[in-house]
Amino acid sequence: MLIPLANDPRDYAWGSTSLIADLEGREPSGGVEAEVWFGDHPADPSETPDGRTLDRWIADEGADAGVPESLPYLLKLLAAASALSIQAHPSKPQAEAGFAREEAAGVPRDAADRTYRDDNHKPELIVALSDTFRALAGLRELDATRRLIGALGSGAQPLADRVNAQDATLAGVVGWLLSDGVDAARDVIAAAVAAESEEFATELDMARTLNAAFPGDPGIVVALLMNLVTLRRGEGLFVPAGVLHAYLEGLGVELMAASDNVLRGGLTPKHVDAAELVSVLDDTPGLPPVLHPRDLGDGVAAYDVPVDDFTLLTVRSQEDGEASVAVTGPAIVLATAGAPTVRGRASGSSATLSPGRAVLVTPDEGQVLVSGGGDLFIALPGR
């Protein structure tokens, strides 16, 4: 069975006024469009053609087609014109413990200061659809960070002292910046705005841009400790539990475990719990995990991620051929270019998709067949 899915764009302040509209080949709405969700997440489930939300359709009819009670993943179009908050997500055990703790304390799940809104982890993968997609991911190697801090001059001395202390950890530095070190962070920001460095010119330009949007926010200094990454079209960035990250600019397809647990580390007016963020933070410095799709043949490629919640495939279909993908669980197929036709093997039912349109393919189809020319992504449970 093929179930067309639709949803309205979410209007987060960091979203773009044009990227999603351009992908879909329509005039911009005049408002900000940040994300379009494809899935059954209760915060914003997709709608089916008969007006039911996808979670309601699954409850009513999903079992007969082999669909579990809830999807293990959430697929999104994401369009950023400015920075999202710096954030990290808990591991599964951390999420379970944190959720139980806040439930026992009676913190409403929709409270502004609630951290754990469910008991799941939230690993995520973003794949660039725009020519470039800029992001921050993970903490930079220490030698390079020390050189950057050195380029800022005397205004960054308190930060230098923290980073260079014998017993220092990067997690501890981040926690200090977001709590007791807020005043020192403002001095570092001022130094970064005024500094010049050939080696770190891009990072300093980023700091100036962030300061214009979030004046004096200590997250700007956290950002200066992180890897600045530019993805090219088709490249992916995988973010496991505990890794600091923030998307800065561009259009992408995002796939994540079905969770809403976010611990923020700046660049946001929302609740920041520095101590809890530090408790889940993986502060191992190093290069970010940029992914290139693994060719599976017939125009199909996979983004390999070390989690069981989801798999993301990309398919480039040809006018005169047909690609076949096994459906081992509920699949969501999202078109991003051309006019590919998706057909279920068992039922023979089909749908021709335009960019930005998606369908749920139920597991009883066994295979999904793609033809007609165009590009699409297929989200599946992990395998």
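The values are calculated or read from the model by the stated rules, or taken from the named source; none is laboratory data. Treat the numbers as computed from the prediction; the structure is a model and nothing was measured. Don't worry about glycine lacking a Cβ; one is built from the backbone with ideal geometry, like all the others, and counts go over all protein chains shown.
Structure notes:
- Test for Gly374: is it surrounded by 17 or more Cβ atoms within 10 Å (Cβ to Cβ), modelled with pLDDT of 95 or more and at positive phi: no
- Test result for Gln87, farther than 30 Å from Ala21 by Cα, polar (S, T, N, Q) and at pLDDT 95 or above: no
This table checks each residue for (1) over 21 Å from Thr352 (Cα atoms); (2) in contact (Cβ under 8 Å) with a residue 12 or more places away in the chain; (3) part of a loop (DSSP other than H, G, I, E, B); (4) of a type in the set (Ser, Thr, Tyr).
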position	(1), (2), (3), (4)
His271	yes, yes, yes, no
Ser279	yes, yes, no, yes
Asp283	yes, yes, yes, no
Leu287	yes, yes, yes, no
Asp295	yes, no, no, no
Val315	no, yes, no, no
Asp320	no, no, yes, no
Gly329	yes, yes, yes, no
Ile332	no, yes, no, no
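- A count restricted to the range 334-346 and to residues that are touching a Leu at 6+ places or on another chain (Cβ under 9 Å), of a type in the set (A, V, I, L, M, F, W, C) and part of a loop (DSSP other than H, G, I, E, B) stands at 1.
- Residue count, the range 1-59 (criterion: hydrophobic (A, V, I, L, M, F, W, C), outside any loop (DSSP other than H, G, I, E, B) and under 18 Å from the mean Cα position of the chain (by Cα)): 5
- Test: residue in the range 187-203 that is within 20 Å of Leu287 (Cα to Cα), in contact with a Leu (Cβ under 6 Å, 6 or more places away or on another chain), buried (at least 20 other Cβ atoms within 10 Å of the Cβ) and touching a residue at least 24 places away in the same chain (Cβ under 8 Å): yes
- Count of residues meeting criterion [within 22 Å of Asn261 (Cβ to Cβ) and either in contact (Cβ under 8 Å) with a residue 40 or more places away in the chain or crowded, with 19+ Cβ neighbours inside 10 Å (or both)] in the range 15-55: 13
- Screening the range 75-94 for residues that are under 13 Å from Leu281 (Cα atoms) and among the small types (Gly, Ala, Ser) and picking the one that is farthest from the chain's Cα centre (by Cα) gives Ser91.
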